[in-house]
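Heads up, the thing below is written out as structure tokens.
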Amino acid sequence: MNQSTSLFGGFAATFQRDLLLAYRNRGELVNPLVFFLIVITMVPLGITPDPNELAKLAPGMIWVVALLATLLSLDGLFKGDFDDGTLEQYLISPQPLYLIVLAKVVVHWLVTGLPLMLFAPVLGVMLSLPAAGFVPLMLSLLLGTATLSLVGAIGAALTVGLRRGGLLLSLIIMPLYAPVLIFGASAVASATEGMPSTSQVAVLGSFMAISMIGAPFAAAGALRVSANG
Amino acid sequence: MACERDERVLFCGLSYRFEPGHVVQIEGPNGSGKTTLLRTLTTLSQDYAGELLWRGRPLSKQRHDYLSQLLYLGHLPGVKKALSPAENLRWYAHSRGESARRVGTALYNVGLAGFEEVPCFQLSAGQQRRVALARLYMSDQPETWILDEPFTAIDKAGVGALEQTISHQAALGGTVILTTHQDLHSIDASHINLRDYQPMEQQPEKQQLQDYQAPDCQQ
């Protein structure tokens, strides 16, 4: 009993501290969201203001930009900890690294993925997304961005020791993001065409479940390797 | 134990028994592998040949117990600048599953009373270092302390207080392993000089290295 409460204590402490850090550095956190907003606002200006054309582009466009916005924010996931030596303390903590990594990823999702999801309907209106697409859009982004944060943590952990890991991070992570993008965008697209999107959403849910179990382990292993060198 | 970094043998044939109640000072010129040795002892670095035993059994089999009583202070302080000293220490205690009731006392002991809620980026380099050092006061159990250059950026009075704390920890039955280029005045420390364990040839080729290791370093 005592062991399990203290296990949860490690998770809760890191969760709280990272939320507090996110709050103190809130200026940086808005970056992905602003990027998301700007790109989507530019689409009608750059391509066409015709609602019928935009409606066709909307699902894919919103999903691609959400994915890139997440990618932008990943670089810093473990960077700060690596630079100030906190990472070493994680690695020699008696608490399992899995839970510490999970806590960090959950906070990352709360401050990037969740706001993206909440803003998506506004952008859907801008891109004349048909009404039937809104619920699948939010649902697919809810599951999808969580997967993106979890899988992205592996890449961030692998490249944390490199001085310019940003490009490498994108190259490692992009292939893993492709399935999420395909199923996410197709869930919204089929809903706007009046077809059910439950199967795509179910697949996204299974992606999230698998990455929830596997990704923190992989990221923890990658962190040990990165810190070793 | 032997250690190698980037195909360069830092030291080999090192065998030592760290006894409870002892302070051990690791010495050696810059680049001789002091930090590497300490990181190996904390299990952070796994690039070594040989064996690490703790309480007579292989360390890897009792990692959790070992880490629960280990305190490591590296070159990097592990202090978040956006947080206050108290917040930093509270996280440190909670993340290890310990109680944070001694945070106030610990900060008082390192001379940071009154700075508990000031964000660390407003503190001086020495004060930030003291936030990291405050961890030494968070527990009253005998522990293993591994300190890499703990006296960096600390003023004379602070060094004196730190030496006292280290002696006190040793008296409690803890083990303190530290590196420093300063002489320890008030501590009766044993010494390991890594220069004594340096291989004869400084930068052997890889093939030679394997040949070389065979007679001397495989204990």
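Laboratory data are not the source of any read-out in this text; all were calculated from the coordinates shown. Every value quoted in this text rests on a predicted model; they were computed, and no experiment measured them. Here the Cβ is made from the backbone with ideal geometry for all residues, glycine too, and neighbour counts use every protein chain on show.
Taking each residue of B:65-77 in turn, how many C-beta atoms of other protein chains fall within 10 Å of its C-beta, and what is the average? Before the final figure, lay out each step's value.
Numbers: counts 1, 2, 5, 3, 1, 3, 2, 5, 3, 4, 2, 9, 4.
That works out to 3 on average.
To the nearest ten degrees, helix A:51-74 and the longest principal axis of the Cα atoms of chain A are 10 degrees apart.
Between amide H atoms placed 1.01 Å from N, distances below 5 Å from B:Ser45 occur with B:Thr40, all of them 5 or more places distant or on a separate chain.
3J(HN,Hα) couplings calculated from phi for the stretch B:28-37 with the Karplus curve 6.51 cos²θ - 1.76 cosθ + 1.60 (θ = phi - 60°) are, in sequence order, x, x, 4, x, 8, x, 4, 5, 4, 4 Hz; Gly and Pro show x. Each of the peptides B:151-158, B:22-29 was scored by the mean count of other Cβ atoms within 10 Å over its residues; in descending order, highest first, they stand as B:22-29, B:151-158. When a/c reaches 1.5 or more, the comparison of a/b and b/c decides; with that in mind, is the stretch B:82-158 rounded, prolate or oblate per its Cα gyration tensor? Oblate, since a/c reaches 1.5 and b/c is not below a/b.
As a length-normalised measure over Cα pairs under 8 Å and 6 or more apart, the relative contact order of chain A settles at 26 percent.
For B:Phe11, the residues 5 or more places off, or on other chains, whose built amide H falls under 5 Å of its own are B:Cys3.
Could you work out the mean count of beta carbons from other protein chains within 10 Å of each residue's beta carbon in B:35-47?
Details: counts 0, 0, 0, 0, 4, 0, 0, 3, 3, 7, 3, 3, 2.
Across B:35-47, the average partner-chain Cβ count within 10 Å equals 2.
Mean partner shielding of peptide B:91-103, defined as the number of other chain Cβ atoms within 10 Å of each residue Cβ, is 5.
Taking each DSSP H run with n ≥ 4 as -39500 (n - 2.57) and averaging over every residue of the protein assembly as shown yields -19000 deg cm²/dmol at 222 nm. Taking θ as phi - 60° and the Karplus parameters 6.51, -1.76 and 1.60, the scalar couplings of the stretch B:159-170 work out to 4, x, 5, 5, 4, 4, 4, 5, 4, 4, 4, 5 Hz in sequence order, x denoting glycine and proline.
For B:Thr175, the residues whose amide H sits under 5 Å from its own are B:Gly21, B:Glu143, B:Thr144, B:Trp145, ignoring neighbours fewer than 5 places away on the same chain, with H placed 1.01 Å from N. Charge dipole (Cα centre; +1 on Lys/Arg Cβ, -1 on Asp/Glu Cβ; no other charges) of chain B amounts to roughly 760 debye.
Local charge for A:Leu129 was computed over the other residues whose Cβ lies under 15 Å away, with Lys and Arg +1 and Asp and Glu -1, and equals -2.
Taking the Cα centre of the stretch A:2-228 as the origin, how large is its charge dipole in debye, to the nearest 20, when only Lys and Arg (+1) and Asp and Glu (-1) carry charge on their Cβ atoms? Write down the numbers at each step before the final one.
Values: 9 positive and 10 negative charges, 55 e Å.
That gives a dipole near 260 debye.
Roughly what angle does helix B:85-95 make with the longest principal axis of chain B, taking Cα atoms, 0 to 90 degrees, to the nearest 10? Roughly 60 degrees, rounded to the nearest 10.
Taking a ≥ b ≥ c as the square roots of the eigenvalues of the Cα gyration tensor, an a/c ratio of 1.5 or more together with a/b larger than b/c marks the protein assembly as shown as prolate.
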